[in-house]
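See structure below.
The values are calculated or read from the model by the stated rules, or taken from the named source; none is laboratory data. Computed from a predicted model, the values in this text were never measured in an experiment. Here the Cβ is made from the backbone with ideal geometry for all residues, glycine too, and neighbour counts use every protein chain on show. The accessibility values were calculated without ligands, DNA or RNA, using every heavy atom of the protein model including side chains. Shrake-Rupley method; radii C 1.70, N 1.55, O 1.52, S 1.80 Å.
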Amino acid sequence: MTQTLPSRRGTAAVAIRGYRPADHSACRRLWAELTSEHRRLYPASQQVPAATSPAVGELGLAATDADAASGAGFEEYLTRLDLSGMWVAQHADEGVMGFVGLILQGRAGAVDPVVVTAEHRGEGIGRALIGHVADQARRRGIRDLTISPALRNLEAIRCLYRAGFHAAATVTLALDLTGRDGHWRDGLDLHGVPFRY
C-alpha cells in the first residue's frame, strides 16, 4: 500500500510505501544520520540513556566512529525478530528521504525509529510516516503505539506531540555509575521532582 503526500512549493509529491531491498543503502545512510544526531545530543563521552527505544538506544554508540558513520547498526536492526514492518518516504526526484519501523511488543507496538534526512525536516514527512505506521498498527489490531525519543531532542518531542502522542506511558531513569554526573543537564521536573537529562 502506498500513500502519497501532496506536493509542496512546486515540488514533486512524496510517496510512503513499504521498504524494499533496493532501499537498503538509502536507509543505511539515514541510520548513520540518526546515529550522528544522537551523538550530537549525547556526546561520545556519554552513552545515550536507555530511555530511548531499543533500536535507538542501541545505535552503536559503543561502536567505532567509522561504524556509526557508515550506518552499520542498520544491519542489526534489519535482523530484529520483533520488526513487524518498515516504510519509506520517497520523493519522485530525490529518492528515499526518510523511513519508519514498527516493532511488535505483544498486543502493543512501538515506532522505532522514525528518521527524516536533515534537509527535509519540517516538511511534514516525519508526521506522514508516523501517521502511516499508526494506520498500519490499527489494521493489525495493535492497541497502543509508543515512541521513545531522546529527552534532549526537543524538536522530535514537539513533533510527536503534534502527531498525537499526548500521553507519557513510561519513564526510564538512569543512574550514572561512571561519576561523570556533569555531562547531564539540569532542568527537567517530573511530578515535582527535579531530574537531569
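Tally up the carbon and sulfur contribution to the accessible surface of the range 91-197 as a whole percent, 1.4 Å probe, everything protein left in place. List each step's numbers first, then the result.
Details: 3300 of 6420 Å².
For the range 91-197, the apolar C and S fraction of the accessible surface comes to 51 percent.
Between F195 and R162, what length in nm is gained on full extension when 0.36 nm per residue of separation is reduced by their alpha carbon distance?
Numbers: separation 33, 0.36 × 33 = 11.88 nm, distance 2.45 nm.
Gain on extension, F195 to R162, equals 9.4 nm.
Please give the charge dipole size of the range 145-197, origin at the Cα centre, charges +1 on K and R Cβ atoms and -1 on D and E Cβ atoms. Round to the nearest 20 debye.
Numbers: 6 positive and 5 negative charges, 34 e Å.
Here the size comes out at about 160 debye.
Working from the pairwise distances between different alpha carbons, so that the mean of 1/r is found and then inverted, what is the range 98-186's Kirkwood radius in Å? Let's see the in-between values first.
Details: mean 1/r = 0.0684 Å⁻¹.
This gives a value of 14.6 Å.
Taking the Cβ-Cβ separation of A169 and R121 as r and a Förster radius of 25 Å, what is the calculated FRET efficiency to the nearest 0.05?
Values: r = 25 Å, r/R0 = 1.00.
The computed FRET efficiency comes out at 0.50.
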